[in-house]
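The values are calculated or read from the model by the stated rules, or taken from the named source; none is laboratory data. Quick caveat: nothing in here was measured; it's all calculated off a predicted structure. Here the Cβ positions follow ideal geometry from the backbone for every residue, glycine too, while neighbour counts run over all protein chains shown. To get the accessible areas, we keep the full protein, side chains included, count just its heavy atoms, and leave off ligands, DNA and RNA. Shrake-Rupley method; radii C 1.70, N 1.55, O 1.52, S 1.80 Å.
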Amino acid sequence: MTARPGSMRALLRQFSAFFGVGIAAAIVHYGLLVSLVEGYRMEAVRATLVGYVGGGIVSYLLNRRHTYASDRPHREAGWRFAVVALVGFGLTWAAMALFVRALGAPYLPAQVATTGIVLVWSFLAHKLWTFRAPPAVLP
(Lines give C-alpha, C1' and ligand atoms only; values in the text may rest on other atoms or scores of the structure.)
Protein backbone atom coordinates (compact mmCIF):
# COMPACT_ATOMS: atom_id res chain seq x y z
CA MET A 1 0.00 0.00 0.00
CA THR A 2 1.47 3.34 -1.06
CA ALA A 3 1.11 6.33 1.24
CA ARG A 4 -0.73 9.39 -0.05
CA PRO A 5 1.69 12.35 -0.41
CA GLY A 6 0.05 14.36 2.41
CA SER A 7 -0.60 11.47 4.79
CA MET A 8 1.01 10.83 8.16
CA ARG A 9 2.52 7.61 6.76
CA ALA A 10 4.18 9.59 3.95
CA LEU A 11 5.46 12.14 6.46
CA LEU A 12 6.91 9.39 8.68
CA ARG A 13 8.54 7.70 5.67
CA GLN A 14 10.03 11.00 4.61
CA PHE A 15 11.28 11.83 8.10
CA SER A 16 12.78 8.31 8.37
CA ALA A 17 14.63 8.86 5.10
CA PHE A 18 15.77 12.28 6.32
CA PHE A 19 16.96 10.71 9.56
CA GLY A 20 18.89 8.00 7.66
CA VAL A 21 20.54 10.62 5.46
CA GLY A 22 21.26 12.56 8.63
CA ILE A 23 23.14 9.57 10.02
CA ALA A 24 25.37 9.48 6.95
CA ALA A 25 25.91 13.25 7.14
CA ALA A 26 26.57 13.01 10.89
CA ILE A 27 29.25 10.37 10.34
CA VAL A 28 31.05 12.84 8.08
CA HIS A 29 30.37 15.77 10.45
CA TYR A 30 31.43 13.99 13.63
CA GLY A 31 34.37 12.32 11.89
CA LEU A 32 35.75 15.69 10.88
CA LEU A 33 34.94 17.20 14.29
CA VAL A 34 36.74 14.52 16.30
CA SER A 35 39.64 14.31 13.84
CA LEU A 36 40.22 18.05 13.92
CA VAL A 37 39.87 18.39 17.71
CA GLU A 38 41.80 15.29 18.72
CA GLY A 39 44.25 15.00 15.83
CA TYR A 40 44.93 18.63 15.00
CA ARG A 41 43.96 20.35 18.28
CA MET A 42 41.53 22.67 16.51
CA GLU A 43 39.12 24.49 18.82
CA ALA A 44 35.81 22.55 19.05
CA VAL A 45 33.48 25.29 17.80
CA ARG A 46 35.59 25.87 14.68
CA ALA A 47 36.00 22.13 14.10
CA THR A 48 32.26 21.51 14.29
CA LEU A 49 31.65 24.17 11.65
CA VAL A 50 34.10 22.44 9.28
CA GLY A 51 32.29 19.18 10.01
CA TYR A 52 28.95 20.87 9.36
CA VAL A 53 30.04 21.86 5.85
CA GLY A 54 31.28 18.34 5.06
CA GLY A 55 28.08 16.78 6.35
CA GLY A 56 26.04 19.37 4.47
CA ILE A 57 27.41 18.28 1.12
CA VAL A 58 26.45 14.67 1.86
CA SER A 59 23.05 15.83 3.12
CA TYR A 60 22.19 17.81 -0.02
CA LEU A 61 23.05 15.05 -2.43
CA LEU A 62 21.25 12.28 -0.53
CA ASN A 63 18.20 14.28 0.57
CA ARG A 64 17.53 15.67 -2.87
CA ARG A 65 17.42 12.18 -4.32
CA HIS A 66 16.16 9.90 -1.52
CA THR A 67 14.19 11.95 1.00
CA TYR A 68 12.34 14.47 -1.11
CA ALA A 69 12.71 12.88 -4.58
CA SER A 70 12.93 16.43 -5.82
CA ASP A 71 12.99 17.34 -9.46
CA ARG A 72 13.52 20.99 -8.64
CA PRO A 73 16.59 21.96 -10.70
CA HIS A 74 19.94 22.22 -8.86
CA ARG A 75 20.07 25.94 -9.71
CA GLU A 76 16.91 26.41 -7.60
CA ALA A 77 17.29 23.74 -4.93
CA GLY A 78 21.01 24.38 -4.46
CA TRP A 79 20.75 28.00 -3.34
CA ARG A 80 17.70 27.21 -1.20
CA PHE A 81 19.60 24.38 0.46
CA ALA A 82 22.50 26.76 1.04
CA VAL A 83 20.22 29.30 2.76
CA VAL A 84 18.75 26.63 5.06
CA ALA A 85 22.26 25.29 5.71
CA LEU A 86 23.52 28.79 6.47
CA VAL A 87 20.80 29.25 9.09
CA GLY A 88 21.65 25.78 10.44
CA PHE A 89 25.33 26.78 10.46
CA GLY A 90 24.41 29.81 12.58
CA LEU A 91 22.28 27.67 14.89
CA THR A 92 25.19 25.22 15.20
CA TRP A 93 27.60 28.01 16.08
CA ALA A 94 25.21 29.60 18.59
CA ALA A 95 24.29 26.34 20.32
CA MET A 96 27.87 25.05 20.47
CA ALA A 97 29.15 28.41 21.72
CA LEU A 98 26.46 28.40 24.40
CA PHE A 99 27.02 24.79 25.47
CA VAL A 100 30.83 24.64 25.22
CA ARG A 101 32.03 28.18 25.86
CA ALA A 102 29.36 29.60 28.14
CA LEU A 103 28.23 26.47 30.00
CA GLY A 104 31.51 24.50 29.84
CA ALA A 105 29.85 21.34 28.51
CA PRO A 106 32.02 18.63 26.90
CA TYR A 107 32.02 19.11 23.13
CA LEU A 108 30.54 15.75 22.06
CA PRO A 109 27.40 15.84 24.26
CA ALA A 110 27.02 19.49 23.24
CA GLN A 111 27.19 18.47 19.60
CA VAL A 112 24.53 15.78 20.12
CA ALA A 113 22.13 18.37 21.58
CA THR A 114 22.99 20.81 18.80
CA THR A 115 22.36 18.14 16.16
CA GLY A 116 18.84 17.59 17.52
CA ILE A 117 18.04 21.29 17.31
CA VAL A 118 19.35 21.63 13.76
CA LEU A 119 17.68 18.35 12.67
CA VAL A 120 14.19 19.70 13.36
CA TRP A 121 14.94 23.05 11.71
CA SER A 122 16.45 21.46 8.60
CA PHE A 123 13.73 18.85 8.03
CA LEU A 124 10.94 21.40 8.16
CA ALA A 125 12.75 24.03 6.11
CA HIS A 126 13.72 21.57 3.38
CA LYS A 127 10.27 20.01 3.25
CA LEU A 128 8.39 23.30 3.15
CA TRP A 129 10.79 25.34 1.03
CA THR A 130 14.00 23.86 -0.40
CA PHE A 131 12.70 20.73 -2.14
CA ARG A 132 9.00 21.58 -2.29
CA ALA A 133 7.60 21.18 -5.77
CA PRO A 134 7.15 24.53 -7.51
CA PRO A 135 3.51 25.63 -7.71
CA ALA A 136 1.67 24.51 -10.80
CA VAL A 137 1.12 27.22 -13.36
CA LEU A 138 -2.51 27.52 -14.28
CA PRO A 139 -3.41 28.41 -17.87
Seminar exercise, completed: For Leu119 and Ala69, extending 7 Å from Cα along the Cα-Cβ vector and measuring point to point gives, in nm, a value of 2.4 nm
Exercise. So what are the ³J(HN,Hα) numbers for region 70-81, from phi and the Karplus equation (6.51, -1.76, 1.60; θ = phi - 60°), rounded to whole Hz, Gly and Pro as x?
Worked result: 7, 10, 4, x, 4, 5, 8, 5, x, 6, 5, 4
For this session: Express the accessible area of the chain per residue in Å², computed with a 1.4 Å probe while the remaining protein chains stay in the model.
Result: 61 Å²
For this session: Whenever you get a sec, compute what percent of the accessible area on the chain sits on carbon and sulfur atoms (1.4 Å probe).
Result: 71 percent
Exercise. Which of the following values of semi-axes √(5λ) of the Cα gyration tensor in Å was calculated from the structure shown: (i) 27, 17, 13; (ii) 31, 15, 13; (iii) 36, 13, 12?
Worked result: (ii)
Exercise. So how much accessible area does Leu49 have, in Å² to the nearest 10, using a 1.4 Å probe?
Worked result: 30 Å²
